[in-house]
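A short worksheet on the structure shown next.
The values are calculated or read from the model by the stated rules, or taken from the named source; none is laboratory data. Predicted model, so just to flag it, every value in this text is computed and none were measured. Positions of Cβ are backbone-derived with ideal geometry, glycine not excepted, and every protein chain shown enters the neighbour counts.
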Amino acid sequence: MTKSEQVPKKSRFKSEAIQWSVMIAVAAILYMTGLHKDVIATLQRAVMWTGLYDVTAQIDELNGPFLNASDYRFTMTDQEGVQLNLDSFEGDVLFINLWASWCPPCIAEMPTIQALHDGVADRDNISFIMLSLDQERDEGRNFMENRGFEMPYYFPASSIPAELSSSYLPTTFVISAEGQIVYKHEGFGNFNTPEFRNFLISLAEES
């Protein structure tokens, strides 16, 4: 093999090494600054809007269990630091979302929940409980405030009832006015649809 044949290979190897170094450096910067969560969330939203993957929250109404008196004693702290029990919302249709600021799928679906919230804002008996599972409350608080989300958010102040627990984030529940779990969705979903909005409204009108 002549020197002229070896040079392109060396040059190509050097070019690939530089490219990999740049990609690793960018990945490291994104990770250290926490921006990797936003990048992943943006990619997930892009997939949702392009329709390449159907993430529409399908309404498979669940004939689930009813919350009991002990479940309604579950204690939360609101965004102002005030403690309240779940029974403060008893009689309302509840949209409960378990999320965390470090969870890319949670970040990706949050705008769709905000849109759903805005779409039923005129209904006094539909309440949203965005339950942050961030270990540091300031992280959840800063996320909601910096992103401009206006749904009421809360932090657990006691153990989450077994019926409302999940090993997945995000997880969404809908509780009827009678206290029955009628919907559960684990993972990222698009809740900004007429079907889901009408689902909540129909439950509210039944109460």
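Could you list all residues from the range 183-192 that are of a type outside the set (Phe, Trp, Tyr) and crowded, with 18+ Cβ neighbours inside 10 Å? Reasoning before the result, please.
From the range 183-192, those of a type outside the set (Phe, Trp, Tyr) are 184-187, 189-190, 192; that's our starting set.
Correct list: His185, Gly189, Asn190, Asn192.
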- Task: Could you identify the single residue in Glu195, Glu150 that is surrounded by fewer than 18 Cβ atoms within 10 Å (Cβ to Cβ), under 19 Å from His117 (Cα atoms) and under 15 Å from the mean Cα position of the chain (by Cα)?
- Result: Glu150
- Given (1) within 26 Å of Arg73 (Cβ to Cβ); (2) surrounded by fewer than 15 Cβ atoms within 10 Å (Cβ to Cβ), Asp118 misses just (1)
- So which residues in the range 120-167 are touching a Pro at 6+ places or on another chain (Cβ under 9 Å) and assigned to a loop (DSSP other than H, G, I, E, B)? Leu133, Phe149
- Query: Checking Leu131 against (1) surrounded by fewer than 17 Cβ atoms within 10 Å (Cβ to Cβ); (2) out of contact with any Gly (no Cβ under 9 Å at 6 or more places or on another chain), which single condition isn't satisfied?
  - Reply: (1)
- Message: Whether any residue in the range 94-109 is modelled with pLDDT of 95 or more, surrounded by 21 or more Cβ atoms within 10 Å (Cβ to Cβ) and assigned to a helix (DSSP H, G or I) is what I want to check.
- Response: no
- Residue tally, condition surrounded by 19 or more Cβ atoms within 10 Å (Cβ to Cβ) and touching a Phe, Trp or Tyr at 6+ places or on another chain (Cβ under 8 Å), over the range 153-171: 2
